[in-house]
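In what follows, a single structure is set out as structure tokens and then discussed.
The values are calculated or read from the model by the stated rules, or taken from the named source; none is laboratory data. The structure presented is a predicted model; accordingly, all values stated were derived computationally and were not measured. Here Cβ is always computed from backbone atoms with ideal geometry, including for glycine, and neighbour counts include all displayed protein chains.
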Amino acid sequence: MSTLNTTAFFIKQRALRPRAYSRYRQLLENERLSGAELRALNWRKRARLLEYAYTNVPFYRRRLDAMHIHPRDIRTPEDWIQLPLLHKTDLVQSHSELLATGVNPGRLALSTTGGSTGKPVKVYHDRQFPHETLGWRMFRWWNIQPGIDSAIVLRLPGRSPLMDLTNRVMWWPTRRIFLDASSMTPERIDQFLASVNKCRPALVQGYVGAVHALAERILGAGLRIHAPEAVTVTAAPLSSVQRALIERAFHAPVYDQYGCGEVFWLGAECDRRAGLHVFADSRHLEIVDESGRPCEPGMPGKVIVTDLENYVFPLIRYEVGDRSSFEGEPCPCGRPFPLIQPVRGRISDVLHFPDGRIISGEYLTTLFDSFPDAVTAFQVHQGSDASIAVRAVPNRSFAGLDATLESVRRTLQAKAGHSVPVRISLVPHISSDRGKTRYVISDYHQHVS
Ligand SMILES: [Zn+2]
């Protein structure tokens, strides 16, 4: 079935999305580059993006002019660190200025993200780059072909029946089963696990916290679950304890991948699992210390990302809010992509409720995604009695704040069930833990078998 699925998948891609297909072929070619050739390709793309941003993006023109930097001053990769870092606050405050001038609106794909520091952020992705092709290449690293049957545990966007139908036709004969990570009741978890046994997917993919919760259910109840070829997790750091537990539950290797809402598909483990390979032909990743100097391999620092494929809303030296370090040794697999250690500093918490319900921390980070301008920061705190208190720093100039807060509260109340109260209170600021606001704090301890 897998072969048929993959053949059908590529026939459709070639016919309907020739650009995605040829990008994918190019990405496979890049895998055969030497380390030096890949670094040269990465540098050419950075130089081109910088030149473009200076010419077409008011934000970069203004900022670089103010610093008396011209793209032609950035001649070598060593010069690159003279460029200023881009912060989340820049994305919020200078949003419209970061948009390239003269771009066809059809090229813009808006994405709102909680990011990882408690401040909702809006970015535009460039539709000209079919970013999922990076995922297709990544699957091959785990001996999985694009288009195979999969079971997916993510936050699901609301979809109409027509969109569902279109999706099914587009994906046929591939079968994909879903569990909404934003609302995992014990019944839905068990239903989902039953359909995993029926559909027998080759891949299980989802948020770390949500997949971990599934694994706890499988082991706790002693369920027998179809073993996929691989399990892959994203959106939060994967602890070795979680990895071991998920592998025990699914009898399959777990692969970690890394990305964020601002820049999708940053890197992933290969089958050797010696670290995460950075997709350096499409993203440039740096690790710097507090004073902005590049860190030596093994030395942890701040992750700084440049999206080499986004020309509509360029993100150049963007501080994501995560920490990691480069590996000193190359990966035994021989692929040229540099290795980083597993990323730390994001949310993998889940909230448990007395009735067995679970809400993933990744979902909670997106609470205000539909109203990214309503608040400037927020935090979800679960008390020892399981009640939920959301603290939000309001944007006073936002019209309709009360109604928005009430709508967010009602949505969360529905997810949490009606046995626990959900409150939202406004606060002047949210204290941070070493510069990083925690999204989710829980004082409610429930025994999980
Ligand atoms: Zn490798």
Q) Could you give every pair whose Cβ atoms fall below 7 Å, whose first residue belongs to segment 268-280 and is aromatic (Phe, Trp, Tyr), and whose second residue is within 9 Å of the ligand (Cβ to nearest atom), counting only separations of at least 6 or pairs across chains? A) Phe279/Phe337
(Q) Under 8 Å between Cβ atoms, which residue pairs at least 6 apart in sequence (or on different chains) link something in segment 47-74 that is over 22 Å from Val312 (Cβ atoms) and at pLDDT 95 or above with a partner that is in a helix (DSSP H, G or I) and not acidic (Asp, Glu)? (A) Ile69/Gln82; His70/Tyr54; His70/Leu64; Asp73/Gln82
Q) Among the residues of segment 104-126 satisfying the criterion of being buried (at least 16 other Cβ atoms within 10 Å of the Cβ) and assigned to a loop (DSSP other than H, G, I, E, B), which is modelled with the highest pLDDT? A) Pro120
Q: Please work out which residue is farthest from the ligand (Cβ to nearest atom), limiting yourself to segment 334-371 and to residues that are more than 28 Å from Ile388 (Cα to Cα) and modelled with pLDDT of 85 or more.
A: Gln341
Q: Taking only segment 251-276 into account, find how many residues are touching a helix residue (DSSP H, G or I) at 6+ places or on another chain (Cβ under 7 Å) and more than 23 Å from Leu308 (Cβ to Cβ).
A: 3
Q | Qualifying residue in segment 5-17 (condition: modelled with pLDDT of 95 or more, within 30 Å of Thr113 (Cα to Cα) and exposed (fewer than 13 other Cβ atoms within 10 Å of the Cβ)) | A | no
Q.
Looking only at segment 28-68, how many residues end up being in contact with a helix residue (DSSP H, G or I) (Cβ under 8 Å, 6 or more places away or on another chain) and either among the acidic types (Asp, Glu) or within 24 Å of Ala100 (Cβ to Cβ) (or both)?
A. 17
Q: Filter segment 236-264 down to residues that are within 16 Å of the ligand (Cβ to nearest atom) and either farther than 23 Å from Ala215 by Cα or of a type in the set (Ser, Thr, Tyr) (or both) and give me whichever is nearest to the chain's Cα centre (by Cα).
A: Tyr258
Q.
Any residue in segment 316-339 that is without any contact (Cβ under 8 Å) to a residue 40 or more places away in the chain and over 16 Å from Phe279 (Cβ atoms) sitting within a Cβ distance under 7 Å of a residue that is part of a loop (DSSP other than H, G, I, E, B) and among the polar types (S, T, N, Q)? List the pairs, counting only those 6 or more apart or interchain.
A. Ser325/Gln341
Q: Please state which one of Leu33, Leu64 is more than 26 Å from the chain's Cα centre (by Cα) and in a loop (DSSP other than H, G, I, E, B).
A: Leu33
Q: Could you please let me know if Cys331 is within 16 Å of the ligand (Cβ to nearest atom) and either part of a strand (DSSP E or B) or not small (Gly, Ala, Ser) (or both)?
A: yes
(Q) For segment 226-272: of the residues being among the aromatic types (Phe, Trp, Tyr) and not in a helix (DSSP H, G or I), which is farthest from Tyr24 (Cα to Cα)? (A) Tyr255
**Q.** Number of positions in segment 172-211 that are farther than 20 Å from Glu229 by Cα, in contact with a Lys or Arg (Cβ under 9 Å, 6 or more places away or on another chain), part of a helix (DSSP H, G or I) and of a type outside the set (D, E, K, R)
**A.** 2
Q: From (1) surrounded by 13 or more Cβ atoms within 10 Å (Cβ to Cβ); (2) at pLDDT 80 or above, pick out the condition that doesn't hold for His418.
A: (1)
